Amino acid sequence: MLDEFIIKRQSEFPFASGDLSKLLRDISLAAKIIHREVNKAGLVDILGVTDNTNVHGETVKKLDEFANTQLLNALQVSGKCCGIASEEEEDFVVVDNEVSKEAKYVVLFDPLDGSSNIDVNVSIGTIFSIYRRVSESGPCRLSDLLQKGAKQVAAGYIIYGSSTMMVYSTGHGVNGFTLDPSIGEFCLSHPNIRIPEFAKTYSINQGQFLLLADGLKQYINYCQETDAATGRPYSMRYIGSFVADFHRNLINGGIFIYPASTKNPEGKLRLLYECNPLAYIAEQAGGKATTGQERILDIEPLTLHQRTPIYIGSAGMVQQAEAFLNPTAE
Ligand code: AHM
Ligand code: MG
């Protein structure tokens, strides 16, 4: 069970206070509530929703707003976090209540990633990232949240797919837990996940091909060429939910790319809420995550909502893609 696993891991660190464990358990609890709503999303129409009001006269929230509220509530009452930043909130939230006085962590999250898939019954996910605050005391400041990804003390995601899974790391490998809905518990199903060095899947929104840099176009052409020795052509798999595309590639191997393009010169995905946590998981599983030029976890963030291009997944495949992007690099 997830709770037992978290507590067991904590007892392996003699000076651990249990605060990080509590945060992880709070996030997993919010995830169960989000799971419940995601699973009945299709019923909303049957239950007679009109003008955003359900049969009980309550306002029906969009699922991503619902997920955001659940996580904010869980973290605000946890007492273990002094600041929160969410992809859904313009500014960060200072948690300054009785129970949070000694809190030394900050949490950042994308409450429900893959929003275009919410209404069409395709996998979506929650992504989270935890840091130790850098300011000594008082209310949390922006600088506590603007830390480079290498400083994360834990990160993970919950995928709401054919089953719901929580995958996370506290810097000692990656473990995956599947929710057993009959008992309402996450059970350890994927211990010590390692991502294969090479695989035969690439994931990119290929509809944007003409907007891409020449080096990346050449890499995509390479993926499509026939070559028995390397198993090409590779298969292209793209769900349009970062969590779901990443999760598949984490388990089976592959590369996911959301690049810079003439349409999105900075890429699309957010550094703090999406790229850093999944880069942390990728590295902890033996994979790699870069912008095409530099390691994602080394980027010093300047703003909460900044974007970055990302190449993430099997280490050998990310290196190979980089070689096409930077042909003169050693
Ligand atoms: P969102 O935060 O609005 O859901 O956008 C992020 C999503 C990612 O999950 C996914 O990888 C990407 O957008 C897909 O974008 P595109 O439709 O441009 O391929
Ligand atoms: Mg998102």
Cut-off 14 Å between beta-carbons: net charge of the residues surrounding Leu250, Lys and Arg +1, Asp and Glu -1: +1
Approximate spin-label separation Arg132-Asn252, in nm, with each point projected 7 Å along Cα-to-Cβ: 4.0 nm
Cysteines not pairable in the chain (beta carbon separation under 4.7 Å absent): Cys81, Cys187, Cys223, Cys275
In the range 245-291, trypsin sites (Lys or Arg not before Pro) in a DSSP loop with at most 12 other beta-carbon atoms within 10 Å: Lys263
Kirkwood Rh in Å, taken over the range 79-129 so that all alpha-carbon pairs contribute: 12.3 Å
Listed residues Pro265, Tyr160, Leu142: farthest to the positive end of the dipole of the chain (Cβ charges): Tyr160
Glu300-Tyr238 pseudo-label distance in nm [points 7 Å out on the Cα-to-Cβ vector]: 3.4 nm
Residue pairs, from the table Lys8/Lys80; Lys40/Lys148; Lys151/Lys217; Lys40/Lys268, whose Cα atoms sit over 31 Å apart: Lys40/Lys148; Lys151/Lys217
Most mobile of Glu225, Glu87, Glu37 in a GNM of the chain (Cα contacts under 10 Å): Glu225
Value at 222 nm in deg cm²/dmol, rounded to 500, when DSSP H runs of n ≥ 4 in the chain each add -39,500 (n - 2.57): -8500 deg cm²/dmol
Theoretical FRET efficiency, 1/(1+(r/R0)^6), r = Cβ-Cβ of Asn121 and Glu98, R0 45 Å, to 0.05: 0.60
Cα shape, the range 133-210, gyration tensor, a/c 1.5 rule: oblate
For q = 0.22, 0.23, 0.25, 0.26 Å⁻¹, Debye-computed log10 I/I(0) when each Cα of the range 191-283 counts as one equal scatterer: -1.24, -1.31, -1.41, -1.44
Distant alpha-carbon pairs in the chain (separation over 38 angstrom), percent: 15 percent
Global geometry of the range 217-259, whether rounded, prolate or oblate, following the gyration tensor of its Cα atoms and the 1.5 cut on a/c: oblate
Compactness of the range 2-190 - radius of gyration and Dmax, Cα, Å: 17.1, 55
Degrees, to the nearest 10: 315-325 long Cα axis against longest axis of the chain: 60 degrees
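Throughout, read-outs are computed from the coordinates displayed, never taken from laboratory work. Note that the structure is predicted; figures quoted are calculated from it, not measured. Neighbour counts are summed over all protein chains in view; Cβ atoms, including those assigned to glycine, are modelled from backbone coordinates with ideal geometry.
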